[in-house]
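First the structure, in the form of structure tokens, and then the observations on it.
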Amino acid sequence: MMSPRIAHLLAHIEMLENELADELEKGLILRGFSLKGKIIAFERDVIDRHRTLRLGLVRYMTKSHLLTYLTAPVIYSLLAPLVFVDIWISLYQSICFRAYGIPQVRRREYIVFDRHHLAYLNWIEVLNCSYCDYANGVIAYVREIGSRTEQYWCPIKHALRIRDPHERYLKFLEYGDAVGYRARHESFRDKLRSVGPAGQKPSPTE
């Protein structure tokens with residue numbers, strides 16, 4: 001079972017993350033725009049101010065380092081495997097998660113395109129931002145699907161410390177806890193089957 005100390009720390013972390021999200025949301029108003037659902041609305045004077053800060057293509061291109069041009073094809077070549085992984089992981093969860101009764105991860109919660117609304121970006125910067133939106137979104141999407149898979153099949157912590165584990169990992173069984181694994185493995189699957197919407201964090205006290 002999770003120790004009271006660990007449960008307390010996880011609950012405290014979740015509280016701090018919620019406070020941080022609230023503060024970031026307050027900052028939206030200070031920067032002159034509002035968010036209603038998925039609709040982003042900028043104040044007119046903010047848009048005008050942003051446009052004055054947009055670099056023209058000629059100036060932008062001349063300011064770019066030669067290495068930028070040389071490495072750009074390598075960077076964008078990653079799109080091919082990312083698209084393949086995106087399609088394959090979506091097919092994977094569509095088949096396997098349905099078979100196991102695991103709620104599927106909502107792709108749209110992880111792959112978000114909204115930086116094109118920023119008037120201070122030229123079309124090349126918008127393209128670059130869209131690439132990052134997609135690449136990092138796919139990675140986060142795959143990570144969530146992978147974490148649900150791991151909880152279903154192998155909810156056991158490592159003996160060695162790993163960097164930046166996913167949130168479910170913190171609640172996994174301790175390494176070497178053979179009795180706990182046999183006794184509680186199915187309970188991890190049951191909790192996973194009742195998981196909330198995509199992006200919703202598991203309760204640290206479960």
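Read-outs throughout are calculated quantities, based only on the coordinates presented, and are distinct from any laboratory measurement. Not measured: the values here are computed from a predicted model. Note that we place each Cβ from the backbone using ideal geometry, even for glycine, and neighbour counts take in every protein chain shown.
Could you check the stretch 100-114 and list, in sequence order, the residues that are touching a Pro at 6+ places or on another chain (Cβ under 9 Å), under 12 Å from residue 195 (Cβ atoms) and surrounded by 15 or more Cβ atoms within 10 Å (Cβ to Cβ)?
Looking only at the stretch 100-114, we keep the residues that are touching a Pro at 6+ places or on another chain (Cβ under 9 Å), and these are 103, 106, 109.
Among the residues that remain, those that are also under 12 Å from residue 195 (Cβ atoms) are: 103, 106.
Scanning the stretch 100-114 gives a single hit, 103.
Name the pairs whose Cβ atoms lie under 6 Å apart, with the first residue in the stretch 113-132 and of a type outside the set (S, T, N, Q), the second not in a helix (DSSP H, G or I), and 6 or more positions between them or separate chains?
Close Cβ pairs (under 6 Å, with a partner that is not in a helix (DSSP H, G or I)) amount to 117/40; 120/53; 120/54.
Of the residues in the stretch 75-109, how many are among the hydroxyl-bearing types (Ser, Thr, Tyr) and under 21 Å from residue 152 (Cα atoms)?
Summing the residues that are among the hydroxyl-bearing types (Ser, Thr, Tyr) and under 21 Å from residue 152 (Cα atoms) in the stretch 75-109 gives 4.
Being exposed (fewer than 10 other Cβ atoms within 10 Å of the Cβ), more than 20 Å from residue 126 (Cβ to Cβ) and not small (Gly, Ala, Ser) is the filter here, so list the residues in the stretch 66-84 that pass it.
66, 67, 70, 74
So in the stretch 96-129, with the set limited to residues that are assigned to a helix (DSSP H, G or I) and touching a helix residue (DSSP H, G or I) at 6+ places or on another chain (Cβ under 7 Å), which one is nearest to residue 171 (Cα to Cα)?
Only one residue tops the list, namely 100.
Which residue is nearest to the chain's Cα centre (by Cα), if the candidates are limited to the stretch 120-134 and must be surrounded by 15 or more Cβ atoms within 10 Å (Cβ to Cβ) and of a type in the set (A, V, I, L, M, F, W, C)?
This residue is 129.
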